[in-house]
Every structure is written in C-alpha cells, then in structure tokens.
C-alpha cells in the first residue's frame, strides 16, 4: 500500500526563520522568473533590447553637455563621455535593482495570493535578470572603451579589473538589500514608490558618477565615502582608467555594509511576507 506524504506549510513565526536552502529546491522557478523579468522589459516595444544600449548612451551625452561643456566639471583627464559611461554602467545596475525590487509585493500580489513558493525568489530573480542587462551595457562600455584606446587616448586596464566580480556582487547586494527594505514599506505606503524614484536620482549626485572623488573638497570626502556605492564606483573607474589607487578600506566598508543590509533586508522581507496580503 502506497504511503502518501503530506507537507504542511505554515507561516514563519521567528525573525530568523530564513530557510534559505529552500531556494535551491525552487531553482527552476527562479530561472523562469528571470526569463519573465528580462523578456517583459522589451516585450511589445519597437526597438526591443536595443533600449538597453540607447539609455546609457543618451544619458552620457546629456551629462557630457550639461556637466562637462556647461558645468566645466573635470573628469581626471579621462574623455568625458567615457567617464560618464563608466559611472552609469555600474550605477544603472544598482538603481534598477533597487527600484524594481522595492515593488515586489505590490507587483506580484496576484501570484503571491494564489500559490506557495519562497517569496524571496522573486527579488533574487530581479537582481539576476538585471545582471543580464548590466552585461549588455558593460559590453557597450567595453566597445566604446576600446575605441578611445585605439585612437590614442591614455586609458589602460590595471590590476583592479580583477575585482570586477566583487564589485558586481556588492552592487547587486546593495540593490537587493535596499530593495527588500523598501518593499516592506511600499506595501503600506504606495506613494513611497514615487519618492524612492526621486530619491535614487538624488542619491546618484551623492555618488561620484558624474564627477571624480578627487574633485570633492577634502573635508567632504569622508562624508561621500559613507555612501557604500562610492568605493564601488571609484574602484570600477580605477580598474579601467587607473587614475587613483584602490581604496581597500572603503571597499571593505562597502562589502560589510552590503552584507549587514542584505541580512536585515531578508529579515524584514520575511516578516512582511506573513501578513502583506492584508495590506496590499
């Protein structure tokens, strides 16, 4: 006689009931969500994935005109367009992960209310799908970088390029961590979504994306370094331009900040998951 096996699904009761290994059992669903998130961006659009190329190019051109030509902000001797492309390539991955993840409960309420699966899969799939977009924009940056290199500009890759996987990991973690925290808030306060979009734009100006850290007055540099994205953006530029040495202490700070933020974000996310259907 066959024995029937039943699995009882109960809500998490403790803050630290993370059960992260459950994500492994749903890995097929994770990749299905990754495909869904990636395809949904350019579905029913005229240019499709070409928008991934157009956006950083247009943004870099605007920054070139506004901040270099009119604002006269120096770029450490790096061609301004290439300088802005470097900063935007890294920044866009962070900002997209943050803003998209922050609305995960509201955007997926229909699925969450019908079937069980580890809810954490959804924000993780967003971070991975955005990694694909980052790869496309990074390839575009490399093409433009090689163009400037071959026409004689003094740009050269150095040892810091080996830190690229760590930089991507930190960016993904920061976007995920901040997004998880804000996802809990947007379930109750929908207008935070608009405030967050505006706040991320302001946050970019507190990060050395359109200006080098060396141009910031010394008395304010330590304040700018409190921003965990500062060391990542600076290290990314160092890897391809070699204008400044790697600030290992700041990079370690960003990694530690990211680790704590992700841990806190997962706890808040899991706690919100238990009763979010009552508020969404």
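The values are calculated or read from the model by the stated rules, or taken from the named source; none is laboratory data. Note that the structure is a prediction, hence the values are computed from the model and not measured. Positions of Cβ are backbone-derived with ideal geometry, glycine not excepted, and every protein chain shown enters the neighbour counts.
Out of 263, 257, 236, 240, I need the residue that is surrounded by fewer than 19 Cβ atoms within 10 Å (Cβ to Cβ) and in a helix (DSSP H, G or I). Which one? Step through it out loud before you land on a result.
On the way: 257 fails: surrounded by fewer than 19 Cβ atoms within 10 Å (Cβ to Cβ); 236 fails: surrounded by fewer than 19 Cβ atoms within 10 Å (Cβ to Cβ); 240 fails: surrounded by fewer than 19 Cβ atoms within 10 Å (Cβ to Cβ).
Just one listed residue meets the conditions, 263.
Condition first: over 18 Å from the mean Cα position of the chain (by Cα), surrounded by 15 or more Cβ atoms within 10 Å (Cβ to Cβ) and part of a helix (DSSP H, G or I). Now tell me which residues in segment 192-218 satisfy that.
Of everything in segment 192-218, those that are over 18 Å from the mean Cα position of the chain (by Cα), surrounded by 15 or more Cβ atoms within 10 Å (Cβ to Cβ) and part of a helix (DSSP H, G or I) turn out to be 192, 213.
Which one is nearest to the chain's Cα centre (by Cα) among residues in segment 47-77 that are part of a loop (DSSP other than H, G, I, E, B) and either surrounded by fewer than 17 Cβ atoms within 10 Å (Cβ to Cβ) or at pLDDT 90 or above (or both)? Give the derivation first.
Narrowing segment 47-77 to residues part of a loop (DSSP other than H, G, I, E, B): 47, 71-77.
Right, trim to either surrounded by fewer than 17 Cβ atoms within 10 Å (Cβ to Cβ) or at pLDDT 90 or above (or both) and you get 47, 71-74, 76-77.
Working: 47: 24, 71: 28, 72: 29, 73: 26, 74: 26, 76: 25, 77: 27 Å.
So, considering only residues that are part of a loop (DSSP other than H, G, I, E, B) and either surrounded by fewer than 17 Cβ atoms within 10 Å (Cβ to Cβ) or at pLDDT 90 or above (or both), the one nearest to the chain's Cα centre (by Cα) is 47.
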